[in-house]
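Only one structure is covered here, and it is reproduced in the block below.
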Amino acid sequence: MRIDCPLCGCRDSREFHYRGTGKLMERPAADAGAEAFHDYIYMRENPAGVNCELWFHEMGCRAWLLVERDVSSHEFLSVRLAESVTRGKQ
Amino acid sequence: MTRFADGGLIERSQQIPFNFDGRSYLGFSGDTLASALLANDVRLIGRSFKYHRPRGILTAGSEEPNALMTIGRGSQSDPNVRATMQELYRGLTSASQNRFPSLSFDLLAINDLMAPFFGAGFYYKTFMWPKLFWERVYEPLIRRAAGLGALSGAADEASYDKAYAHCDLLVIGAGPAGLMAATLAAKGGLDVILADEDFILGGRLNSERVEVDGKPAAEWAVDAVKALAAMPNVRLMPRTTITGAYDGGTYGALQWVSHHLAEREGLPLETFWRITSQRTILASGAIERPIAFADNDRPGVMMASALRTYANRFAVTPAKRLSIFTNNDDGYRTATDLAARGVEIACVVDTRTYAAVDGDFPVLKGAEVVGISGRRGLNAIVVRTASGTRRIATDCLGVSGGWNPSVHLSCHLNRHPVWNPDIVAFVATDDAVPGMLAAGAAAGGFSTHAAFQSGAAAAAILLRGLGRKVPRLPLPKSEDAPYVLTPFWHVQGGGKRAWLDFQNDVTTKDVKLAHQENFRSVEHMKRYTTLGMATDQGKTANIGAMAVMAELTGRVIADVGTTTYRPPYVPVALGALGAHGRDKGFAPERFIPSDALAREQGAPMVEAGLWYRPSWFPQSGDTHWRQSCDREVLMVRKTLGITDVSTLGKIDLQGPDAAEFLDRVYSNMMSSLPVGRIRYGLMLREDGMVMDDGTVARLDKTHFLITTTTAAAGQVMTHLDFCAQVLWPELDVNFISITDHWAQFAVAGPNSRVLLNDLCADKISNDTFPYMAAGEVSIGHLKARLFRLSFSGEHAYEIAVPARYGDALARELDRLAQQHHGGWYGMEALNVLRIEKGFVTHAEIHGRVTADDIGLGRMVSAKKDCIGKVASQRPGLSGQDREQLVGLKPVVAAGKLLGGAHLFNLGENPVRTNDQGYITSQCFSPTLGHSIAQAFLRNGRARTGEMVDVVDLLRGVKTTCEVCPPVFIDPEGRRLRG
Amino acid sequence: MRYSAWEVFRNGLTGNKGWKPVWRNPEPKSSYDVVIVGGGGHGLSTAYYLAKNHGIANIAVLEKGYLGGGNVGRNTTIVRANYMLEGNSQFYSHSLKLWENLERELNYNVMLSQRGQILLAHSDGQMDRFARLGNMMRMQGDDAELWGRDEVRAKLPYLNHDTARFPIYGGLMHWRGGTARHDAVAWGYARGADRRGVDLIQNCQVTGFRIEGGQIRGVDTTRGYIAAGKVGMCVAGRSSQVGEMAGLRLPIESHVLQAFVTEGLKPLIPHVVSFGMGHFYISQSDKGGLVFGGDLDGYNSYAQRGNLPMAEHVAEAGMALMPMIGKARMLRSWGGIMDMSMDGSPIIDKTSIDGFFINCGWCYGGFKAVPASGDVFAHLIATGNHHAAANRFLLDRFATGRMIDETGNGATPNLH
């Protein structure tokens, strides 16, 4: 696989560390309660199509990336800086 | 001799001696081992896998199922090499496989007589009694009989390499389609890689007696290759097989660098390439398919196209009196070509009744080969026609069942090929691998003209797709014979076995049995019969078996479906795929700043993650590591010791929000830490378990320096990046790892301050530099960082200097320490010191423990949120069932404690249901004079003073211990603060 | 028909015409007492034990493709009972005991080969962990031996003992561990279930569940609606999708795990060997191929295929551990979709829907678990109570904090 890092360009997936679902961006508020954290930490949509997920360009610019990828074909549909995505929501 | 007097692409001036099964032969430069053996009239070259049937060479390519050889002798011999792919070199030594005691007399040939009992899946129905016989009797027998070649068991001494390449266009296969595509694309300005598994580029242009632009095809190929080689944007890769298609335009490729050389000095044997391409043209050609008939595996039965290759390219014929069995016009080419070379054509047996006869030889239409005679070499065939059967003397039978496009690589991303009824074969779908187009025979165009034409067309499409202009390039003039075929897969009737998969010995009977037993899905059939699971992945076998299954189930082949082709296309040596994995190449090596000094002092170095650290520092007279270790521990406790702690993760954080950030990632409060002070910190994972522990030093209001354990340094850094970028980008904080930038040494023991005051320009005292102070000091002109920290329980410091001064500082510390009867201590002593003091490492914080489990529950601040806080409050993570960190000391001083031993209530049976916990760390404490341990014990903190049995069933040790707090030394911390 | 050497002999003499279909091809009935979704190893063994141990005859197994086409047919065939934690330890111990009698139980040779499996240790810390593990195995009644450096060198001389990047400190030998013929396990259970009247229905994909008043009523399939008293889900690799049809969200991610086999070689590696530093495990099949694997590719995937980085890493690890295999040629690679749970351990539990039971989250452990998984799942479906060997694999354990996390990596499925 190759990932088009917004900062570094298209790079081999070996440079990246995979974290998992993009939902991990949405950490509940401190007072959201145990159930919200349980959902955040453990539950997964795990779609068989487009998955929203976090990759870390560990051997490159060390940017966390929010990626849309079809997990049945391994096709990358979009790659964004996670930091920009979070800022956009704030 | 079966070598023609002239012709062929061999260098007759270079005779090459070689050896097969102990006999010497001569071949020519340009020969493969297979062509050279045929030229020497060697017909029997191996034994089949299951029935140990005599076998001869079947093909002239990488699809060869029979001619697997061991090349070389002794511990470095190379098993399962295809003789059809091995170039001849001076002194090549080869041997047949899977036979005992010899190729001509193989005892296990008895299996062939037992065949009625050895049908598909017979082993699932027997060998079940008695119970113990499987491992002791049946399996060893089966294993010895099975297998092809042998490895010696000695380390492979060959060198292998890896390489990487990028291109705009990868052309797979350098036949007419590939050459045409590469030429057009290169002229259009693309960076092109043209790879072919053969050592001469040109594909079947080198095997056919056709003309291109008025000259012999092979000559045309030489010119085309020359023209490509002259272009700077083209890389030609002969002897290179594309082995797999992967995501993102990535391809694996295996290059046989020096298999063909007698002298390999300085060259890798093979190189495994990773090629990344924008676009790909699959011009991999096609593979001729056999027809199944009784005893069709006998030596002398060969693929018709292979006979042409041997005759036209290698000037060799295994046939003196040739027959052909065909269902298509292509079979006639072989008869024509060999007849032109003076080989007698006994007959062409054509299953079709309508075929247009072409050639001056006998043709039997509507005929089938129903039998064979000649066990170790064909001497006659039995042919059935409408008018009856007849026997025809012949020493070689060329078989042509039509052609299968080599679609394998197009299937590697799980897309199935599509059935093309016009050519009665599966063809690749375009973009089955994104960016890949098939051309030439791989796309089902079987004439030379069709190959040129489709190669050019595919290149034109890709050029346009990449926004390039398509240059003008006239198509070479070449034959455009139609491909006329009537499907015919196997000869019906007769009780004898007809082979589908030569290597795995799967016959039509096996497929029928699979059907009879309801293994009818193509995958079931494959798995039950093992068809297509041999080293050729069924390249010659699969389609015939699907046809038989289609017949049996009343379906068409397209509906039977295909099994999935998987990488690699040809088998890849693990040495090549795993090149540089051997020995120290497996992982990077990290060396501490005092590495040289430690080695000078004779310290054995031990792996700590990727680092090497000194285990202990032996002194003359030491006979056991424990002597060194005990001495070092007592030295630290009595005077002082120094050790290199540069491996600890060091992260420099700065920014107005750094304190807030640390409050969120550490469980305890960091924002209240005064400048110039240090605090022990605990980091949790979001699931509430302890991630790591370390220290936080506040160098300035907005400037912190944190440390991590050696083991978790990478994980913590990644975690902090995640928190800062993903969770809280609004916090104004920046950080970098400075682990490699600073050399850091611990100076521990009652005399540590004395040493530091010798070393540093600025003198410190307990008042100016109390426990948990941090600050800057000068060593000469050098600014150093000093931290008053202790992981030994002693009055101790860590001093850090830029890494380039690490060795110098280490040597200075060494000199000063000796003045106070101190010195270095290694990992073993470091571990003892920390166990004595009750500090945890990742032996304790192993990912399943909470802060409370290790007695640090109070470090999860009630005043603020932090990563992991909410999850750590789940009901299952507290209460009497949790195992908590305790200390253990044996009731009898000599009592032995072992890491990994389990704890039980006194006198209870050591069984799982009585399990109370386990030891995580243990050592002999020279300070206390007995063994001590850290352990997790169910509800342990409430059980101080209780006796437990510590049992190690593996090593037969049982020791009764008293439960105590995990801190054995100076629980009040007086030494730390002194 | 009963299989035996005599039958093989008798049929061999008569042209092998007497062999009967190993299972029927029944049309689905309109209603079953129990419907098992998924005709892989776990579904087939569940059906078998439901019929055999609990006297339920009216059972269907619905398989969207062909029987045994999932992970039971694409693994490295390792069977072992070497788990460290309460919950796993007793379960895999139970499974190994069932394995040891499976051939006689099923009258089918699954070729269980208890050739011994060794975990190699490369540090003192790892030796301590293996000691803890080995002691747990012994406490559970299973076998384990802790070997030192010299013993490993003597018994496995072909390993790199002298120039390795990560030297071998010792190992944990589990003699009763080994391998089995993976397809045969699926076929043996299928045949056993079929003979007890279970309808094995291939090419029948479940498209939905009918649930009324919190109670399961039946399943919609590509071959029509089928009413069911109870439904058991055994679709590891696709658990999230099938669970979603029943409105369940699961603590599961799907990941791809590759496996590899070399060309056939004469006997070379007698045991199952696991490298402790580089995610590599290897054994030699009875056919002679070296069967080996490594870690997950690392990213979510449903593709049943992997990529080069892990293939290369696994080969590198192989060369690091045993450089004698350099000239062994990798013949084939394949990928299976792992149901990776959040703590690396499976889920075998009831759900909020009456009569709907789930069996999922097998991570790497699915193949060796096949017998016990079927046994305990059948028990749960039939009795409504958890089997004693599997009473900790609860769906709510993440909410209660009672995870069973052998590797200690937490909610990071690709690290388990």
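The values are calculated or read from the model by the stated rules, or taken from the named source; none is laboratory data. Please read these numbers as outputs of a predicted model, since none were measured by experiment. For neighbour counting, all protein chains shown are included, and Cβ atoms are generated from backbone atoms with ideal geometry for every residue, glycine included. Areas reflect the complete protein model, heavy atoms only, side chains present, ligands, DNA and RNA absent. Shrake-Rupley method; radii C 1.70, N 1.55, O 1.52, S 1.80 Å.
The table for this structure:
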read-out	value
Scope the range B:392-417; condition hydrophobic (A, V, I, L, M, F, W, C) and surrounded by fewer than 22 Cβ atoms within 10 Å (Cβ to Cβ); matching residues	B:ILE392, B:ALA393, B:LEU413
Enumeration of residues in the range B:328-358 that are more than 20 Å from B:TYR310 (Cα to Cα) and open to solvent by 10 Å² or more (accessible area, probe 1.4 Å)	B:THR351, B:THR353, B:TYR354, B:ALA356, B:VAL357, B:ASP358
Meets criteria (of a type outside the set (Gly, Ala, Ser), touching a helix residue (DSSP H, G or I) at 6+ places or on another chain (Cβ under 8 Å) and either part of a loop (DSSP other than H, G, I, E, B) or under 25 Å from B:GLU208 (Cβ atoms) (or both)) for B:PRO471	yes
Residues located in the range B:149-195, provided they are within 14 Å of chain C (Cβ to nearest Cβ), buried (at least 24 other Cβ atoms within 10 Å of the Cβ) and in a loop (DSSP other than H, G, I, E, B)	B:LEU151, B:ASP156
Given (1) open to solvent by less than 20 Å² (accessible area, probe 1.4 Å); (2) aromatic (Phe, Trp, Tyr); (3) in contact with a Lys or Arg (Cβ under 9 Å, 6 or more places away or on another chain), number of the condition C:PHE280 does not satisfy	(3)
Total residues in the range B:726-736, condition under 13 Å from B:LEU705 (Cβ atoms) and buried (at least 18 other Cβ atoms within 10 Å of the Cβ)	1
Sole residue being part of a loop (DSSP other than H, G, I, E, B) and either assigned by TED's automatic domain parsing to the domain that holds B:VAL257 or open to solvent by less than 10 Å² (accessible area, probe 1.4 Å) (or both), chosen from B:ALA579, B:ALA598	B:ALA579
Within the range C:287-316, tally of residues that are at the interface with chain B (Cβ under 7 Å from one of its Cβ atoms) and assigned to a loop (DSSP other than H, G, I, E, B)	6
Hey, B:LYS509 open to solvent by less than 30 Å² (accessible area, probe 1.4 Å), under 24 Å from B:LEU58 (Cβ atoms) and outside any loop (DSSP other than H, G, I, E, B) or not	no
Qualifying residue in the range C:27-43 (condition: within 10 Å of chain B (Cβ to nearest Cβ), touching a residue at least 40 places away in the same chain (Cβ under 8 Å), out of contact with any strand residue (DSSP E or B) (no Cβ under 8 Å at 6 or more places or on another chain) and open to solvent by less than 20 Å² (accessible area, probe 1.4 Å))	no
Condition check for B:ALA60: more than 12 Å from chain C (Cβ to nearest Cβ) and in contact with a Phe, Trp or Tyr (Cβ under 7 Å, 6 or more places away or on another chain)	yes
Test: residue in the range B:382-391 that is in a loop (DSSP other than H, G, I, E, B), open to solvent by 10 Å² or more (accessible area, probe 1.4 Å), at pLDDT below 95 and within 27 Å of B:SER207 (Cα to Cα)	no
Some residue of the range B:748-763 being surrounded by fewer than 22 Cβ atoms within 10 Å (Cβ to Cβ) and among the small types (Gly, Ala, Ser)	yes
Condition broken by C:HIS386, with the remaining ones in (1) surrounded by fewer than 21 Cβ atoms within 10 Å (Cβ to Cβ); (2) in a loop (DSSP other than H, G, I, E, B); (3) touching a residue at least 40 places away in the same chain (Cβ under 8 Å) satisfied	(3)
Matching entry among B:PHE452, B:PHE426, B:PHE488 (being touching a Pro at 6+ places or on another chain (Cβ under 6 Å), closer than 30 Å to B:THR507 by Cβ and open to solvent by less than 40 Å² (accessible area, probe 1.4 Å))	B:PHE426
Selected residue [within 28 Å of C:GLN258 (Cβ to Cβ), more than 10 Å from every other protein chain (Cβ to nearest Cβ) and touching a strand residue (DSSP E or B) at 6+ places or on another chain (Cβ under 6 Å)] from C:LEU119, C:LEU96	C:LEU119
Strands (runs of 3 or more DSSP E) wholly inside the range B:39-141 containing at least 2 residues that are farther than 23 Å from B:GLY532 by Cβ and open to solvent by 20 Å² or more (accessible area, probe 1.4 Å)	B:92-95
Lone qualifier among B:LEU513, B:LEU500, B:LEU577, B:LEU531 - being facing chain C (nearest Cβ under 8 Å) and under 27 Å from B:GLU197 (Cα atoms)	B:LEU577
Which listed residue is open to solvent by 10 Å² or more (accessible area, probe 1.4 Å), within 14 Å of chain C (Cβ to nearest Cβ) and in contact (Cβ under 8 Å) with a residue 60 or more places away in the chain, from B:GLN922, B:GLN934	B:GLN922
Residues of the range B:531-547 satisfying the condition of being in contact (Cβ under 8 Å) with a residue 60 or more places away in the chain and under 19 Å from B:TYR51 (Cβ atoms)	B:ALA534, B:THR535, B:ASP536, B:THR540, B:ALA541, B:GLY544
Selected residue (criterion: surrounded by the fewest Cβ atoms within 10 Å (Cβ to Cβ)) from residues of the range A:58-79 that are touching a helix residue (DSSP H, G or I) at 6+ places or on another chain (Cβ under 7 Å) and more than 10 Å from every other protein chain (Cβ to nearest Cβ)	A:MET59
Members of the range A:29-57 found to be open to solvent by 20 Å² or more (accessible area, probe 1.4 Å) and in a loop (DSSP other than H, G, I, E, B), listed by number	A:ALA29, A:ALA30, A:ASP31, A:ALA32, A:GLY33, A:MET43, A:GLU45, A:PRO47, A:ALA48, A:GLY49
Number of the condition not met by B:ALA109 [criteria: (1) closer than 30 Å to B:ALA311 by Cβ; (2) touching a His at 6+ places or on another chain (Cβ under 7 Å)]	(1)
Strands (runs of 3 or more DSSP E) fully within the range C:133-234 counting 1 or more residues that are open to solvent by 20 Å² or more (accessible area, probe 1.4 Å) and hydroxyl-bearing (Ser, Thr, Tyr)	C:206-212, C:224-233
Of all residues making up the range B:751-790, the number that are free of Cβ contacts under 8 Å to residues at least 60 places away in the same chain and either over 15 Å from B:ALA817 (Cβ atoms) or aliphatic (A, V, I, L, M) (or both)	20
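Here's the yes/no breakdown for (1) at the interface with chain C (Cβ under 10 Å from one of its Cβ atoms); (2) farther than 19 Å from C:GLY12 by Cα:
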| residue | (1), (2) |
| --- | --- |
| B:ASN98 | yes, yes |
| B:PHE105 | no, yes |
| B:ILE110 | no, no |
| B:GLY119 | yes, no |
| B:TYR123 | yes, no |
| B:MET128 | yes, no |
| B:ARG136 | no, yes |
| B:ALA145 | yes, yes |
